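One structure below.
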Amino acid sequence: SSGGAHDEEDVPGRINALVRRILPLIVATIDDRSWRVRWTAASKFAPVVRAFSSLDGTMDALVPAYEKLLQDPEAEVRTAAAFNLSEVARTGAEVLPRAGEAPAAGGSGEEHRRVPVAVRLVGRVAQLVEDDSENVRAALAMVATELAPALGRDATIDRLLPPMLLLLRDPTSEVRLNAVSSLATLDDVIGTELLTQSLLPAILDLAEDGKWRIRLAVIERIPLLAKRLGEEFFTDRLLSLCVGWLGDDISSIREAAANALKDLTAQLGSKWSARELLPRVGRMMEHPSYLRRTNAVRAIALMAGAMDVRTAQWEVLPMLLEMHCDPVPNVRFNVAKGLGNVGTMFGPTVYEGQIAPILALMKEDSDRDVRYFVDRSSDSLSDFFDKSK
């Protein structure tokens, strides 16, 4: 009907009228006397921005209101607002720059002065890095790098990289942890060369951080760093550090280090691993500390699983077999476990000629735990090769 057509034509007008009524109410919550109201506004601000960003003129009201939340006197409100930073910045809308900021090139009219929301908000990152509240800085460290794709490479280098370097060296461990955990996004934008120049010194410091969770976060990103940095640079700068983690005081770090060496073997290849990794791990197998010898045994068993069969047979298997007579039971039963895990890689000739005789000797071990793991490995390998006949 003509009335229905008229209603459809008037939809934009009704939406604008609704916006004019609702938007001031939303903005008013930013100045509410109750910090809980302001906290709620800060927590829900990203969905509000998503809902209103496509409507003309709304972002010029919402972004300044959001910036006020980032500067709220209550740390809880600033923290909630900081968590929403990346989502607000990624809306794709453009707003007027803050007073004193350079407008976009190309003219003097308002349409030429407008900048992406991310460009306007990145200036707040530098301010929040110095916030008195560690919770605010921790929230910022978690999300700040997500501005990088919206900023582009040059703006990321000039305006986002400096505050991220400060966050990586923050005195609070949670801030450092969040910062190092978010570096992949930043690296995707700025590239490997700048990663090595700007971020690697901070990463090397974090690799020896006194908080074990920080060290763990760095270890978990080692395969990514190896991929980004390349074989030669990684070998020269980071490999010794990776092997050294096998001797860390914290068991979770030692376990993660062994898994990282396996991932590095898979990524950089069997030849590289045999040339660069095995000699270093082999030296650790001669260490006076049984814990280090144990971790070395675990590591080479994991590495073998990521190698081609020939390299594993000729390079790793002899090292593993040799450790069967270690004086400490913990080392010996990890040898038994390792043989059980890698034994299925090889053919029956290797199993019958090299692995089975050693397991038979170990069945007479004086330690009950060693005999238990030997029996488990012997039974599983025997079943495997019996089925393959």
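Check off (1) surrounded by fewer than 20 Cβ atoms within 10 Å (Cβ to Cβ); (2) modelled with pLDDT under 90 for Leu199 and give me the number that stays unchecked.
(1) is the only condition that Leu199 fails.
Do any helices (runs of 4 or more DSSP H) entirely within the stretch 329-389 hold 1 or more residues that are exposed (fewer than 13 other Cβ atoms within 10 Å of the Cβ) and of a type outside the set (S, T, N, Q), and if so, which?
356-362, 368-387
When only residues in the stretch 70-93 that are hydrophobic (A, V, I, L, M, F, W, C) and touching a residue at least 60 places away in the same chain (Cβ under 8 Å) count, which is most open to solvent (accessible area, probe 1.4 Å)?
Among those that are hydrophobic (A, V, I, L, M, F, W, C) and touching a residue at least 60 places away in the same chain (Cβ under 8 Å), it is Phe83.
Name every residue in the stretch 215-239 that is farther than 14 Å from Pro201 by Cα, aliphatic (A, V, I, L, M) and open to solvent by 10 Å² or more (accessible area, probe 1.4 Å), in order of residue number.
If the condition is that a residue be farther than 14 Å from Pro201 by Cα, aliphatic (A, V, I, L, M) and open to solvent by 10 Å² or more (accessible area, probe 1.4 Å), then Leu216, Leu224 are the ones that fit.
All but one of (1) modelled with pLDDT of 85 or more; (2) surrounded by fewer than 18 Cβ atoms within 10 Å (Cβ to Cβ); (3) closer than 21 Å to Pro163 by Cα hold for Glu193, so report the exception by its number.
(1)
Hey, any hits in the stretch 182-198 for a residue that's under 18 Å from Val129 (Cα atoms) and without any contact (Cβ under 8 Å) to a residue 40 or more places away in the chain?
Yes, the stretch 182-198 contains a residue that is under 18 Å from Val129 (Cα atoms) and without any contact (Cβ under 8 Å) to a residue 40 or more places away in the chain.
Please enumerate the residues belonging to the stretch 139-184 that are open to solvent by 40 Å² or more (accessible area, probe 1.4 Å), under 13 Å from Ala202 (Cα atoms) and of a type in the set (Lys, Arg).
Answer for the stretch 139-184, where residues must be open to solvent by 40 Å² or more (accessible area, probe 1.4 Å), under 13 Å from Ala202 (Cα atoms) and of a type in the set (Lys, Arg): just Arg169.
Name every residue in the stretch 281-296 that is assigned to a helix (DSSP H, G or I) and open to solvent by 60 Å² or more (accessible area, probe 1.4 Å), in order of residue number.
Of everything in the stretch 281-296, those that are assigned to a helix (DSSP H, G or I) and open to solvent by 60 Å² or more (accessible area, probe 1.4 Å) turn out to be Arg283, Tyr290, Leu291, Arg292.
Where the second residue is open to solvent by less than 100 Å² (accessible area, probe 1.4 Å) and the first is over 23 Å from Ser182 (Cβ atoms) and lies in the stretch 225-237, which pairs have Cβ atoms under 7 Å and are six or more apart or on separate chains?
As it stands, the answer is Glu231/Leu268; Glu231/Trp272; Thr235/Glu276, since those pairs meet every condition given.
Name, by its number, the condition in (1) in contact with a Lys or Arg (Cβ under 9 Å, 6 or more places away or on another chain); (2) under 30 Å from Leu224 (Cα atoms); (3) small (Gly, Ala, Ser) that does not hold for Gly282.
(1)
Would you check if Asp379 is out of contact with any Ser or Thr (no Cβ under 6 Å at 6 or more places or on another chain), acidic (Asp, Glu) and either over 19 Å from Met284 (Cα atoms) or at pLDDT below 95 (or both)?
Yes, satisfied.
Which residue pairs have Cβ atoms closer than 9 Å, lie 6 or more positions apart in sequence or on different chains, and pair a first residue in the stretch 276-290 that is free of Cβ contacts under 8 Å to residues at least 60 places away in the same chain with a second residue that is open to solvent by 60 Å² or more (accessible area, probe 1.4 Å) and assigned to a helix (DSSP H, G or I)?
Hits for this filter: Glu276/Glu231; Leu278/Glu315; Arg280/Ser240; Met284/Arg292; Met285/Arg292; Met285/Glu322; Tyr290/Asn330.
The values are calculated or read from the model by the stated rules, or taken from the named source; none is laboratory data. Model, not experiment: these values are computed from the prediction. In this analysis, Cβ positions are derived from the backbone assuming ideal geometry, glycine residues included, and neighbour counts consider all displayed protein chains. For the accessible areas, the whole protein counts, side chains as well, though only heavy atoms, and no ligand, DNA or RNA atoms are used. Shrake-Rupley method; radii C 1.70, N 1.55, O 1.52, S 1.80 Å.
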